[in-house]
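The values are calculated or read from the model by the stated rules, or taken from the named source; none is laboratory data. Note that this is a predicted model, so its numbers are computed, not measured. As a convention, Cβ positions derive from the backbone with ideal geometry for all residues, glycine included, and neighbour counts pool all protein chains shown. For the accessible areas, the whole protein counts, side chains as well, though only heavy atoms, and no ligand, DNA or RNA atoms are used. Shrake-Rupley method; radii C 1.70, N 1.55, O 1.52, S 1.80 Å.
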Amino acid sequence: MNRRELLGGAALACVGLNGLAQTQAAVGLDGLARTSGRHFGFAVGPGYADKEPVKDLLRQHAGVITAENAMKWRSIENLFGVPDYTQADRVSAIAAGLNAQLRGHTLAWHQSTPARFVNATGEMFVQAQTSHLQALVSRYRGRIHTWDVLNEVIDADQPSGMRESVLSRLWGADRYPELFELTRVADPHAKLAYNDYGMEQDEPWCEHRRSAALHLLEAWVKRKVPVDVMGLQAHLDLSRRFSAARMLAFFDELSALGLTIQITELDVRDHTATTDLAARDAAVAALYSDFMDACMSHPAVEMVVMWNVTDADSWINRWSQGQRRPDGQPMRPTLFDDQGQPKRAFDAVAASLRQARVKFDKKAGNHV
Ligand code: XIL
């Protein structure tokens with residue numbers, strides 16, 4: 001049991017009702033998550049993770065660190081195709097300093113495939129992707145809790161259900177299982193995840209994506225592909241409906257395949273909400289509550305990771321192609337405002353973690 005677990009257990013054991021708010025702040029979100037056998041954390045870049053207020057928020061709340069960009073192929077490789085692991089090493093050191101688990105993100109993704117492969121032959125690419133994967137996984141061998149081996153290959157609009165991209169063209173969609181096999185050999189202790197978006201909410205296109213994902217994962221499990229985890233990005237959006245029942249039915253199907261579930265990139269876009277700040281924050285918090293309560297009621301959910309820490313460093317507010325609010329205001333997608341102060345979303349998530357009705361079942365996901 002580490003310091004954070006001890007603190008969490010002791011503080012929860014002696015808390016009275018009015019001490020609850022204070023205790024939540026003292027225990028931190030990861031401490032609360034641990035009471036149901038889960039982990040809680042954040043995706044960060046080395047630049048802002050080292051600065052206040054993010055540094056202190058991570059110290060209080062992070063039990064998991066994901067490298068937001070630093071472990072992506074495009075970030076590692078310089079213009080001449082030479083790998084430079086400086087930034088990735090910094091994120092790994094941040095996780096170690098926090099005594100937090102490290103999530104590796106991501107080994108194969110069409111958006112992080114270096115541009116030099118646009119006109120490459122399949123043979124050249126397979127060789128380069130293989131050596132990149134082997135070098136990266138071996139470098140952090142024994143340090144990584146879970147690798148996102150493959151990211152975002154579902155496209156429910158294609159008859160095959162699979163995205164057409166540089167990766168499907170040069171690596172080949174039928175060969176995706178080999179990525180998992182290579183990773184397992186390079187680090188036998190890391191859990192291996194397939195990670196994707198758009199499967200959490202109650203819209204017809206999300207339903208199609210859920211079906212396509214189940215179809216793919218069923219086939220992989222049948223072939224004994226070493227995939228352990230479904231990573232659900234959970235970039236939620238206030239303009240979309242949410243149904244806990246629909247999402248939990250999907251979770252049941254994933255866990256029936258022997259997979260655990262990790263929420264890997266949680267945030268909430270509020271581009272359609274009113275201009276009134278209090279009303280916006282209440283609406284964002286309500287969606288966090290509904291989503292997190294559902295997650296905490298499922299025994300296959302083992303961790304929850306936020307995509308970024310404060311509204312100031314959220315990718316949604318940095319992302320030039322992203323949706324903008326009609327009033328020009330930045331979005332408020334994370335748990336902390338741009339000064340690092342907790343918002344109602346923080347209270348909502350803390351309450352869900354504290355009230356988790358069901359513990360994570362360690363035996364979930366033992367199919368391989
Ligand atoms: C995003 C980063 O947050 C941005 O900084 C970067 O410009 C693009 O990638 N799904 C993923 C993440 O799996 O890797 C993406 O991260 C967000 C969507």
Check: Once the piece of chain linking Thr130 and Val118 is laid out straight, how much longer is it, given 0.36 nm per residue of separation minus the C-alpha distance between them?
Finding: 2.6 nm
Next item on the list: Order the peptides 161-173, 214-226, 344-356 from the highest to the lowest mean number of other Cβ atoms within 10 Å of their residues.
Entry: 344-356, 161-173, 214-226
Notebook entry, point to check: Considering amide H positions built from the backbone, and no H for Pro or chain starts, which residues 5 or more places from Val305, or on another chain, come under 5 Å of its amide H?
Noted result: Gly41, Ile263, Thr264, Glu265, Leu266
Check: For the stretch 257-274, in order, what is each residue's ³J(HN,Hα) by Karplus, 6.51 cos²θ - 1.76 cosθ + 1.60 with θ = phi - 60°, in whole Hz (x at glycine and Pro)?
Finding: 7, x, 9, 8, 10, 10, 8, 9, 8, 5, 6, 10, 7, 10, 6, 9, 6, 4
Check: What percent does the relative contact order of the stretch 229-346 come to when contacts are Cα pairs within less than 8 Å and at least six residues apart?
Finding: 29 percent
Next item on the list: Work out from phi, with θ = phi - 60° and the Karplus expression 6.51 cos²θ - 1.76 cosθ + 1.60, the ³J(HN,Hα) of each residue of the stretch 56-64, listed in order in whole Hz, and give x for Gly and Pro.
Entry: 6, 4, 5, 4, 7, 10, 9, x, 9
Check: Under a plain spin-label model, where a point goes 7 Å from the Cα along Cα-to-Cβ, how far apart in nm are Arg241 and Ala96?
Finding: 5.0 nm
Next item on the list: Could you pull out every residue, at least 5 positions away or on a different chain, whose amide H is within less than 5 Å of the one on Thr106? Hs are placed 1.01 Å off N in the peptide plane, and Pro or chain starts have none.
Entry: Lys72, Trp73
Next item on the list: State the dimensionless ratio Rg/Rh of the stretch 27-66 (Rg: radius of gyration of Cα atoms; Rh: Kirkwood radius).
Entry: 1.01
Check: At a 1.4 Å probe, what is the % contribution of carbon and sulfur to the accessible area of the stretch 3-357?
Finding: 52 percent
Check: Just the accessible area per residue of the stretch 3-357, please: how many Å² with a 1.4 Å probe?
Finding: 41 Å²
Check: Expressed as a rounded percentage, what relative contact order does the chain have, with Cα pairs under 8 Å and six or more residues apart?
Finding: 16 percent
Notebook entry, point to check: Around Asp338, which amide H atoms from residues at least 5 apart in sequence, or from another chain, sit under 5 Å from its own amide H, with H modelled in the peptide plane?
Noted result: Asp311, Ala312
Notebook entry, point to check: How large is ³J(HN,Hα) for each residue in the stretch 189-204, as worked out from phi by the Karplus curve 6.51 cos²θ - 1.76 cosθ + 1.60 (θ = phi - 60°), to whole Hz, x for Gly and Pro?
Noted result: 9, 6, 6, 10, 10, 9, 10, 7, 10, x, 10, 9, 9, 9, 10, x
Next item on the list: Would you mind listing how long the chain runs along its three principal axes, going by Cα atoms, in whole Å with the largest first?
Entry: 64, 43, 42
Checklist line | Angle between the chain longest axis and helix 86-98 axis [Cα atoms, degrees, rounded to 10] | finding: 40 degrees
Next item on the list: Can you tell me the FRET efficiency between Lys363 and Val82 if r is taken as the Cβ-Cβ distance and R0 is 35 Å, rounded to the nearest 0.05?
Entry: 0.20
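Would you mind putting 121-134, 192-205, 88-101 in packing order, based on average other-beta-carbon counts within 10 Å, highest first?
The peptides rank, most packed first, as 192-205, 88-101, 121-134.
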